[in-house]
Amino acid sequence: MKDTNLHAKWIIKAPLEDVFKMMTDFEKFPENFPKVAESIHVTKREGNYLEIDATVKSFGQNFPVQMKTEILPGKGFISDNNSPKFGTSGHEELLLSVNPEGTMIDYTYQVAIHKRWLRIVARPLIGWFSMKYWQKAVIDELRKKLER
């Protein structure tokens, strides 16, 4: 089964520390990013390693997702995510770096679609729609809240 690879970069005109704090405060995702997160519950925390039960919003529906996430201090996070109900799993990387204009977000998500019928329908949509939606729901919210 071939993964669908999503990748994009954005610049937020805000200090890296501010972007990092907002993007790794998972408990506040529903408040900060209501278009993508219905609920987030950290079920286990050992240092920078988190296990999270989330309800995310995608394609107009809510789906449970289990996340195994590592916070990379001052750099972002990586996460392995599983959503049996939606029929996907994936590896997510949100990496931050200083940019002359503020903070560069380098986002990659490798998605495996496990349901055959969903692969046929969703693969073309996921590549186009997901990153556009993520930009609107996350990046635009970061800009509204952090850029001056």
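We did not get these values from a lab; they are worked out from the coordinates using the rules stated. Note that the structure is predicted; figures quoted are calculated from it, not measured. We place every Cβ from the backbone using ideal geometry, glycine too, and count neighbours over all the protein chains shown.
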**Fill in**
Here the gain from full extension of residue 82 to residue 68, 0.36 nm per residue of separation minus their alpha-carbon distance, amounts to 4.2 nm
**Prompt:** What percent do you get for the relative contact order of the chain when only Cα pairs under 8 Å and 6+ apart count?
**Reply:** 30
**Label-point separation, residue 51 to residue 131 (7 Å along Cα→Cβ), nm** = 3.4
**Request:** Report the extension gain between residue 140 and residue 17 in nm, rounded to one decimal, defined as 0.36 nm multiplied by the number of residues separating them, less their alpha carbon distance.
**Result:** 42.5 nm
**Message:** Modelling each spin label as a point 7 Å along the Cα-to-Cβ direction, I'd like the residue 27/residue 148 distance in nm, to one decimal.
**Reply:** 2.8
**Message:** Straight-line reach only, C-alpha to C-alpha below 19 angstrom: list the aspartates and glutamates that residue 9 could link to, leaving out same-chain residues fewer than 8 apart.
**Reply:** 17, 18, 92, 93, 101, 106, 140, 141, 147
**Asked** Within the set 68/144; 13/136; 28/144; 28/132, which residue pairs have Cα atoms separated by over 26 Å?
**Response** 68/144
**Fill in**
Applied in sequence order to the range 132-148, the curve 6.51 cos²θ - 1.76 cosθ + 1.60 (Karplus, θ = phi - 60°) yields integer Hz couplings, x standing for Gly and Pro, of 4, 5, 4, 4, 5, 7, 10, 4, 5, 5, 4, 4, 4, 8, 10, 6, 10
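Please give the length that would be gained between residue 43 and residue 101 if that part of the chain were fully extended, namely 0.36 nm times their separation in residues minus their C-alpha to C-alpha distance (nm, one decimal).
Additional length available on full extension: 17.2 nm.
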**Neighbourhood charge, 11 Å Cβ-Cβ cut-off, centred on residue 91 and excluding it, Lys, Arg +1 and Asp, Glu -1** = -3
